[in-house]
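Everything below concerns the one structure shown next.
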Amino acid sequence: MNYSVYILLLSLFVGVLNALECNSGFTKGESKFIIPLKCGEGVNYCTTTYNKEGKIQKLYGCDSANFCKNKYEKNDTPTYQQLTEFFKKEIKYVRDKALIAYDQRLSDSITKKAINNEDFIDQVKKFNYKHECCDTDYYKLLHGKKESDYEAIKTIKFIIRICTTEKYLESFNDFHDFIDYNINQAYDDCVNENKLFMSLAYQVTTLNCVIGYEKIQALNETVMEMFNMIKNEFKIEIQKKKWLDEISRKNILEKIGAMEGKIFYLERLFGINVMENVYGKLNYTKKIKYGKFREIIATFIIDRQKENIYHFTPKLNPLQIDAWYQYQSNTFFAFFGMLREPIFDLNLPTAMKFGGYGSVIGHEIIHGFDEEGIRFTKFGKDGELLSGYSKEKYMKRRQCMIDQYNDITYLGGSLKVNGTFTLMENIADNGGIEIAYRAFKKY
């Protein structure tokens, strides 16, 4: 018989037994339910009625002479208590077998399920990245085919193991949960509940073991070279603008000159030793229950964020698919999640580098001079970059761009762009791609 079907049938019986014990939905003094029992090669579905003392009253739907003859004498009909004990043993066997199978296949919990980044994992598989700090290829580390030497990874595996085990066992206490729930679902739930806690370990192992220090250096050199070239083209364009008076031009050029570019990575934040030290501060005992563990983890994350805001803060994830311009520091930040094909790769032709990631760099540079940016000085302080004369000229050009995008319609005119709402991004898009293209032509 199909194993999953067998589990379902057992599940149905457990639910019925629970219902019997609380007399839910049954006539007082009488209990009626369907029992699946294996007889010979098939299964008999026997409708049986028991009274509240557990004595059988009616049996129909199968041949009583052959009723589960592998467990009882030919003419011996099982009592309610006998059936209960029999099915409890069978259910325990099914449950324990599933737990053993789960424990054997438990992977490192920082998998694609945890990070929801299948494309990135595919890259790991494809290139089989290796790094000496890991002493194994990263794909095996991720999926647990080799036990990790890192205490941080061991801690994560321990948490996911006790969480999955407890959730799975709890499902046996509820009839509906047991039908719909399995150990893989319990595992997925536990991974999702602990994504934030696992995030630092994933970031550190990816940066150090997948990308590696040498590639990080190469990415930094190339991206910063592009950043400086594109920034220089913006300076040249500002020099040409006749609507800017000398005070405004000077303020803008100084701000461009002071603007910095950085790849979001520091070894002191995301080194292997850092990961081990951070997770080493989690205090727990091996006999702890998962519910209590969740409380400890929540406090642990808050405490670590207070120590270092870069840890366990999703907005500061170095692997995110994003790029920023920060007004307060006048800085462009590049994140590793976007420094991948198709947007960027060290081996791409120059035209594709500037057309892809170069446009991103240009976009973020221009944000320093959009609606918000013109209110910050080169030091990130509040202040006006434009004089009254230049501000008036700027406002006319601003309205021109709003009108241009307001004229764009879709679906035969039923859907229109709101040029005011999208203004800041439109300014960054238009200016960014232009200065990136000019930088490419100079390359």
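Numbers for the structure displayed
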| quantity | calculated |
| --- | --- |
| Pair list, Cβ < 7 Å and 6+ apart or interchain, from the stretch 298-324 residues that are touching a residue at least 24 places away in the same chain (Cβ under 8 Å) and more than 28 Å from residue 362 (Cα to Cα) to residues that are β-branched (Val, Ile, Thr) and surrounded by 15 or more Cβ atoms within 10 Å (Cβ to Cβ) | 304/278; 311/278; 312/301 |
| Some residue of the stretch 229-243 being part of a loop (DSSP other than H, G, I, E, B), over 19 Å from residue 377 (Cβ atoms) and in contact (Cβ under 8 Å) with a residue 40 or more places away in the chain | yes |
| Filter result for the condition that a residue is of a type in the set (A, V, I, L, M) and either on the phi > 0 side of the Ramachandran plot or not in a loop (DSSP other than H, G, I, E, B) (or both), over 309, 343, 366, 321 | 366 |
| Complete set of residues in the stretch 323-354 that are closer than 23 Å to residue 438 by Cα and buried (at least 18 other Cβ atoms within 10 Å of the Cβ) | 323, 325, 330, 332, 333, 334, 339, 343, 344, 353, 354 |
| All positions within the stretch 369-397 that are part of a helix (DSSP H, G or I) and acidic (Asp, Glu) | 392 |
| Check on residue 320, touching a helix residue (DSSP H, G or I) at 6+ places or on another chain (Cβ under 9 Å) and surrounded by fewer than 20 Cβ atoms within 10 Å (Cβ to Cβ) | yes |
| Residue count for the stretch 239-292, restricted to those that are closer than 25 Å to residue 316 by Cβ and among the aromatic types (Phe, Trp, Tyr) | 4 |
| Failed condition for residue 281, given (1) part of a helix (DSSP H, G or I); (2) at pLDDT 95 or above | (1) |
| Checklist (1) touching a Phe, Trp or Tyr at 6+ places or on another chain (Cβ under 9 Å); (2) farther than 30 Å from residue 294 by Cα applied to residue 221, failing item | (1) |
| Single residue of 295, 254 found to be part of a helix (DSSP H, G or I) and not assigned by TED's automatic domain parsing to the domain that holds residue 201 | 254 |
| Search result, residues across the stretch 398-426 that are among the aromatic types (Phe, Trp, Tyr) and not in a helix (DSSP H, G or I) | 410, 421 |
| Qualifying residue in the stretch 421-432 (condition: surrounded by 17 or more Cβ atoms within 10 Å (Cβ to Cβ), in contact with a Ser or Thr (Cβ under 8 Å, 6 or more places away or on another chain) and within 28 Å of residue 250 (Cα to Cα)) | yes |
| Answer from 223, 204, 210 - the residue that is at pLDDT below 90, buried (at least 18 other Cβ atoms within 10 Å of the Cβ) and assigned to a helix (DSSP H, G or I) | 210 |
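The values are calculated or read from the model by the stated rules, or taken from the named source; none is laboratory data. The structure presented is a predicted model; accordingly, all values stated were derived computationally and were not measured. Note that we place each Cβ from the backbone using ideal geometry, even for glycine, and neighbour counts take in every protein chain shown.
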